[in-house]
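Undergrad: Please find one structure pasted underneath; my questions will follow.
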Amino acid sequence: MTHTANSQSTATCGVGTGGKAIAGGTSITGGNGLLGAAAITGDYPSDAAGNPATGPGAATSWTGVAQPGGLLAGTPSVTVFVICNVP
């Protein structure tokens, strides 16, 4: 049996601050199984709901997605950070 559930997390600049995401990143721990390791499958600027940003200056957040690897893998823990430009 292969565990294929994704794990997702989003970091937000703060509702109502007018902040925009200028950079970000994702790291993962866990999710490793027999014959495989977890992998980051998404790392992108987004809105607060985790949807990809639609254009320049539209990102208010950063989202990361990871998938477990190998047989009998657990769900990876996803840590996301965002650097914001707040007026």
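Undergrad: When ligands, DNA and RNA are left out and all protein chains stay put, how many square angstrom of accessible area per residue does the chain have with a 1.4 Å probe?
TA: Details: 4800 Å² over 87 residues.
Per-residue value: 55 Å².
Undergrad: Which label belongs to the value computed from this structure, given these candidates for semi-axes √(5λ) of the Cα gyration tensor in Å: (i) 25, 22, 10; (ii) 30, 10, 9; (iii) 28, 15, 9?
TA: (ii)
Undergrad: Counting only protein heavy atoms and using a 1.4 Å probe, what share of the accessible area of the chain belongs to carbon plus sulfur, as a whole percent? Before the final figure, lay out the partial values.
TA: On the way: 2780 of 4800 Å².
Accessible surface attributable to carbon and sulfur in the chain totals 58 percent.
The values are calculated or read from the model by the stated rules, or taken from the named source; none is laboratory data. These figures come from a predicted structure and were not determined experimentally. Protein only, heavy atoms only, side chains kept; ligands, DNA and RNA dropped before computing areas. Shrake-Rupley method; radii C 1.70, N 1.55, O 1.52, S 1.80 Å.
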